[in-house]
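Participant: Structure below; questions to follow.
The values are calculated or read from the model by the stated rules, or taken from the named source; none is laboratory data. Worth saying up front: this structure is predicted, and the values here are computed from it rather than measured. For neighbour counting, all protein chains shown are included, and Cβ atoms are generated from backbone atoms with ideal geometry for every residue, glycine included.
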């Protein structure tokens, strides 16, 4: 019923408008002026409105700027961010000058040079000197912007310092996992085929390979059994899907056995001491960090708005970025006068329905409390947490490997 | 005085040739028409419809952004229980709306609607040609466009929802139905629709190029062509060179989806399912996509700039300033647009050195753009401006082109892009510079050439109201949006209230601005109803158009108001001068049409 009333109102509104137009047209017919003849009054009013509009946009801009404090970005909390913000402010001033001058001229001319009776337009087809000026001046300004921009860019993207702490950020729908490189500051190797519930990051050790093989064999076996069982009746499309699944699993199985063949046990150590950290990422003020980024399913983007850094996480390849936090969470809380404030790592590449929820709180500590936290964490290595019995089952039993039946 | 001049020129050729008016069948006249004017109108109608749909979609998701989680009758009315249970938008559908809004706006409204409509109507008319080089291919180009529009619209109504990976449909998200529901049938329909769209666009573009090169009337040299034609010409070339690359990108994606190939997929575990794909790269897709995607920006913008050049010159009663420089900048922009695509990919994991190269090429594009802006402003200087609705929109275009262009300088700077990439700052930037400019150009074109298209005039007063609502709405939406982006808010977030969990000040700022933005968006959308009313009302009831309503110099105004197949009843007009002889010293009238021979002792500009 409500919808019907709304519909009727809309239709009546349209009819009313049509009638108004009709009256207007009849009256302009009486005045013998067509729609194409813009009278001086209309012309003047619109010219004036152009100028007023310009003033309103300028005032609106200043209002927003004053209300939110220049760009509304707050203080940058990393050395990279400080540099970026400096450059951003500089560029901002340049573009604002260009914006105000050109918009002013545009709207002012639209107002000033509105047709006036008896004044003819000035025939002015070109002027090479003027055109040279406004080709060369922007070119020079842009040259400055490019040089400064590239200088920062090279600095921010250059390889990390040798002593940088290595952390891997692992992205999947819809959470982040961090992996600290541990005491040796070396991130252990991984291969996505080793992903299991107990080894979400698919790290390569003799044990993880073996448990993967065990799990895969089991799955292949049960699938084969299902397909070969004469008592179960499956419809054709299900059979096709199952057979496809089986062939994918077999292929992966063969590849994992290859990993096993090529695996050097000495590499295990680099993995065992890695520390897997969920929920909150702890960083230390003043330390250099080198992040390696990895995605399990689709594209994600590791975006730290307060540190002004960002990099995509791409399935199938590792990307990297560096960071040097220069403010602790406490310092930022004090500055913002907000005890609930926290740094954050967000996902900034569309990754599915709950994309907007994918985040990790980041806490930057000062050296002393970070050391304390790390000392505790060093007892919770990958090995201790997920494969506490690793030493005992280091030599795999051949019986675990079951040849799939085809 | 002015009106007598055009009367003479307008009817100068009426008696030269034989009139053979044959009654055309309804189907061949209105549906399977091969007449460029009718095809142009078909493009326009389809695009306007698509534009209205895309605008409605944007209002739907703007409501969610301003009042997240609140029940809305408006949402439940359009989306029903499945996608908006209890009037609250579903997460997946939010992404679907965003994706289809972007796709329709970029491809169907601004590519099909702008270049399709005005290239078709103006190329033959302004060049003095009877029709396009191939009427049949032209018709085919429209019908491909129409079919692809239907498929794209249809994808909104399927059970699993439309494509949801953003209008850029980056794999692996777009390749894996396990990752998001829209990557099932919805994505397939998206790809089919785009393949058909690209085919239609290619046929159309080739036709435009051939027509411009071969069918210019006597005396119409390349440097006597109106800037509109230059813009359409370069646009068509960009389309021909870049759209096939999108086709290949889409084709490889289709293979990944259906044939089990691994062009874009590598080492993926989605949910608990491990895929065997190995060796592909999502970055490859991005390179292919943006190789079209960036020229696409200029495919959208150049026609708008071309239209506004013509409209600003005509209504300033002055020649466009620096005609040759304008052509030069169109060519420069066209060329540069092919070597800047990497600026969309600074933080994708592409080699930083390659990024530096793209910073350089991208910022170069600011130079021809600046030249264009200064030339427009100088054209206004000491003009005798007639502020028709078309003129207002054209000036509005220059303004948005500046306001959106300057923020492009920030985003093109890779070091700054790190922090601003994929935030609302980007959204604000490209909506102003590409969306608003192109839409303003399109409105300007419709108001200006409406008399040529339909033989009637649109209502000027409504046009004024429409303009003021639109520009106030546009700036009201996108100006504050820059601040949302600078504050750090990521785009494509269903709900920015997550900020409340860690940064309450920024949360308050984002939410305040989001409400303001949505209110302006609704205001601007309602303003478009005035346009729609004016448009359709004037088609049927508008006052009859005079021969040359804007006292313009170009050839289209020498054709009779009543359309006829072949455009000119007699011989084709002959061109003797450039198209911008407005207020020429020594002339009594303030415009001299192109088909008027040079007077004794008169010099060509």
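Participant: Any idea which of (1) within 29 Å of residue B:172 (Cα to Cα); (2) touching a residue at least 40 places away in the same chain (Cβ under 8 Å); (3) within 31 Å of the chain's Cα centre (by Cα) is the one residue A:209 doesn't satisfy?
Facilitator: Among (1) within 29 Å of residue B:172 (Cα to Cα); (2) touching a residue at least 40 places away in the same chain (Cβ under 8 Å); (3) within 31 Å of the chain's Cα centre (by Cα), the lone unmet condition for residue A:209 is (3).
Participant: Check the stretch B:130-138 and report whether any residue there is crowded, with 24+ Cβ neighbours inside 10 Å, touching a helix residue (DSSP H, G or I) at 6+ places or on another chain (Cβ under 9 Å), at pLDDT below 95 and over 23 Å from residue B:270 (Cα atoms).
Facilitator: Within the stretch B:130-138, one or more residues are crowded, with 24+ Cβ neighbours inside 10 Å, touching a helix residue (DSSP H, G or I) at 6+ places or on another chain (Cβ under 9 Å), at pLDDT below 95 and over 23 Å from residue B:270 (Cα atoms).
Participant: Follow-up question, since we're still on this one. Kindly indicate the residue of the stretch B:454-475 that is within 8 Å of chain A (Cβ to nearest Cβ) and farther than 30 Å from residue B:36 by Cβ and also surrounded by the most Cβ atoms within 10 Å (Cβ to Cβ) among those meeting that condition.
Facilitator: It comes out as B:471.
Participant: Given the residues B:426, B:433, which is the only one that is more than 8 Å from every other protein chain (Cβ to nearest Cβ), within 21 Å of the chain's Cα centre (by Cα), closer than 30 Å to residue A:124 by Cα and in a helix (DSSP H, G or I)?
Facilitator: Details: B:426 fails: closer than 30 Å to residue A:124 by Cα.
Answer to the selection: B:433.
Okay, residues lined up against (1) modelled with pLDDT of 95 or more; (2) under 27 Å from residue A:384 (Cα atoms); (3) loosely packed, with under 11 Cβ neighbours inside 10 Å:
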position	(1), (2), (3)
A:220	no, no, no
A:249	no, no, no
A:261	no, yes, yes
A:267	no, yes, no
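Participant: Let me ask something else. Any residue at all in the stretch B:206-222 that is more than 27 Å from residue B:313 (Cα to Cα), buried (at least 20 other Cβ atoms within 10 Å of the Cβ) and within 14 Å of chain A (Cβ to nearest Cβ)?
Facilitator: no
A quick yes/no check of all residues on (1) crowded, with 24+ Cβ neighbours inside 10 Å; (2) within 7 Å of another protein chain (Cβ to nearest Cβ); (3) at negative phi:
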{"site": "B:312", "(1), (2), (3)": "yes, no, yes"}
{"site": "B:316", "(1), (2), (3)": "yes, yes, yes"}
{"site": "B:327", "(1), (2), (3)": "no, no, yes"}
{"site": "B:347", "(1), (2), (3)": "yes, yes, yes"}
{"site": "B:358", "(1), (2), (3)": "no, no, yes"}
{"site": "B:374", "(1), (2), (3)": "no, yes, yes"}
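Participant: Give the residue, chosen from A:60, A:81, that is in a helix (DSSP H, G or I), surrounded by 12 or more Cβ atoms within 10 Å (Cβ to Cβ), in contact (Cβ under 8 Å) with a residue 12 or more places away in the chain and facing chain B (nearest Cβ under 8 Å).
Facilitator: Details: A:60 fails: in contact (Cβ under 8 Å) with a residue 12 or more places away in the chain.
Being in a helix (DSSP H, G or I), surrounded by 12 or more Cβ atoms within 10 Å (Cβ to Cβ), in contact (Cβ under 8 Å) with a residue 12 or more places away in the chain and facing chain B (nearest Cβ under 8 Å) holds for just one of A:60, A:81, which is A:81.
Participant: If you don't mind, another one. Does residue B:439 meet the test of being part of a helix (DSSP H, G or I), closer than 30 Å to residue B:98 by Cα and either at pLDDT 95 or above or touching a helix residue (DSSP H, G or I) at 6+ places or on another chain (Cβ under 7 Å) (or both)?
Facilitator: So residue B:439 fits the description; yes.
Participant: Return yes or no: is residue B:556 within 31 Å of the chain's Cα centre (by Cα), over 19 Å from residue A:120 (Cβ atoms) and in a loop (DSSP other than H, G, I, E, B)?
Facilitator: Answer is no for this residue.
Participant: Another question, if that's okay. So for the stretch B:523-546 (the condition being more than 14 Å from chain A (Cβ to nearest Cβ), in contact with a helix residue (DSSP H, G or I) (Cβ under 7 Å, 6 or more places away or on another chain) and outside any helix (DSSP H, G or I)), does at least one residue qualify?
Facilitator: no
Participant: Of all the residues that make up the stretch A:265-301, how many are over 28 Å from residue A:341 (Cα atoms) and more than 14 Å from chain B (Cβ to nearest Cβ)?
Facilitator: 10
Participant: What tally of residues in the stretch A:324-345 results from selecting those that are facing chain B (nearest Cβ under 7 Å) and either touching a strand residue (DSSP E or B) at 6+ places or on another chain (Cβ under 7 Å) or under 30 Å from residue B:276 (Cα atoms) (or both)?
Facilitator: Number of matching residues: 2.
Participant: Let me ask something additional. Is it the case, given these coordinates, that residue A:33 is without any contact (Cβ under 8 Å) to a residue 12 or more places away in the chain, closer than 23 Å to residue B:392 by Cα, surrounded by fewer than 15 Cβ atoms within 10 Å (Cβ to Cβ) and not assigned by TED's automatic domain parsing to the domain that holds residue A:100?
Facilitator: Values: without any contact (Cβ under 8 Å) to a residue 12 or more places away in the chain: yes; closer than 23 Å to residue B:392 by Cα: yes; surrounded by fewer than 15 Cβ atoms within 10 Å (Cβ to Cβ): yes; not assigned by TED's automatic domain parsing to the domain that holds residue A:100: yes.
Against the criterion (without any contact (Cβ under 8 Å) to a residue 12 or more places away in the chain, closer than 23 Å to residue B:392 by Cα, surrounded by fewer than 15 Cβ atoms within 10 Å (Cβ to Cβ) and not assigned by TED's automatic domain parsing to the domain that holds residue A:100), residue A:33 qualifies.
Participant: From the list A:311, A:317, A:360, A:321, which residue is part of a strand (DSSP E or B), within 7 Å of chain B (Cβ to nearest Cβ) and either under 30 Å from residue B:163 (Cα atoms) or within 16 Å of the chain's Cα centre (by Cα) (or both)?
Facilitator: Working: A:317 fails: part of a strand (DSSP E or B); A:360 fails: within 7 Å of chain B (Cβ to nearest Cβ); A:321 fails: within 7 Å of chain B (Cβ to nearest Cβ).
Only one candidate qualifies: A:311.
Participant: Among the residues of the stretch A:332-344 satisfying the criterion of being free of Cβ contacts under 8 Å to residues at least 24 places away in the same chain and outside any loop (DSSP other than H, G, I, E, B), which is farthest from residue A:195 (Cα to Cα)?
Facilitator: A:334
Participant: Given (1) under 18 Å from the mean Cα position of the chain (by Cα); (2) closer than 25 Å to residue B:430 by Cα, where does residue B:142 come up short, assuming only one miss?
Facilitator: (2)
Participant: Can you tell me which condition residue A:145 does not meet? The list is (1) assigned to a helix (DSSP H, G or I); (2) surrounded by 15 or more Cβ atoms within 10 Å (Cβ to Cβ); (3) out of contact with any helix residue (DSSP H, G or I) (no Cβ under 8 Å at 6 or more places or on another chain), and all the others hold.
Facilitator: Here residue A:145 clears every test but (3).
Here is a yes/no grid of residues against (1) in a helix (DSSP H, G or I); (2) buried (at least 16 other Cβ atoms within 10 Å of the Cβ):
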site: A:225; (1), (2): yes, no
site: A:237; (1), (2): yes, no
site: A:242; (1), (2): yes, no
site: A:252; (1), (2): yes, yes
site: A:283; (1), (2): no, yes
site: A:290; (1), (2): no, yes
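Participant: Go through (1) surrounded by fewer than 24 Cβ atoms within 10 Å (Cβ to Cβ); (2) at the interface with another protein chain (Cβ under 7 Å from one of its Cβ atoms) for residue B:385 and report which single condition fails.
Facilitator: Here residue B:385 clears every test but (1).
Participant: Still on this structure: Sort out which residues of the stretch A:106-129 are under 48 Å from the mean Cα position of the chain (by Cα), surrounded by fewer than 17 Cβ atoms within 10 Å (Cβ to Cβ) and at the interface with another protein chain (Cβ under 7 Å from one of its Cβ atoms), and write them in order of number.
Facilitator: none
Participant: Give B:206, B:238, B:213 a once-over and let me know the one that is part of a helix (DSSP H, G or I), within 30 Å of residue B:594 (Cβ to Cβ) and without any contact (Cβ under 8 Å) to a residue 24 or more places away in the chain. Show your work before the answer.
Facilitator: Values: B:206 fails: without any contact (Cβ under 8 Å) to a residue 24 or more places away in the chain; B:238 fails: without any contact (Cβ under 8 Å) to a residue 24 or more places away in the chain.
Result: B:213 is the single residue among B:206, B:238, B:213 that is part of a helix (DSSP H, G or I), within 30 Å of residue B:594 (Cβ to Cβ) and without any contact (Cβ under 8 Å) to a residue 24 or more places away in the chain.
Participant: Inspect the stretch A:63-75 for any residue being assigned to a helix (DSSP H, G or I), closer than 21 Å to residue B:387 by Cβ, facing chain B (nearest Cβ under 9 Å) and more than 24 Å from the chain's Cα centre (by Cα) and give the result as yes or no.
Facilitator: No, every residue in the stretch A:63-75 fails to be assigned to a helix (DSSP H, G or I), closer than 21 Å to residue B:387 by Cβ, facing chain B (nearest Cβ under 9 Å) and more than 24 Å from the chain's Cα centre (by Cα).
Participant: While we're here: I'd like to check something: does the stretch B:126-137 contain any residue that is at positive phi, within 14 Å of another protein chain (Cβ to nearest Cβ) and not in a helix (DSSP H, G or I)?
Facilitator: no
Participant: Of all residues in the stretch A:286-308, which are closer than 21 Å to residue A:191 by Cα and over 10 Å from the mean Cα position of the chain (by Cα)?
Facilitator: A:290, A:291, A:292, A:293, A:294, A:295, A:296, A:297, A:298, listed by residue number.
Participant: Kindly list the number of the only condition in (1) over 26 Å from residue B:135 (Cβ atoms); (2) in contact with a helix residue (DSSP H, G or I) (Cβ under 6 Å, 6 or more places away or on another chain); (3) assigned to a loop (DSSP other than H, G, I, E, B) that fails for residue B:573.
Facilitator: The one condition residue B:573 does not meet is (1).
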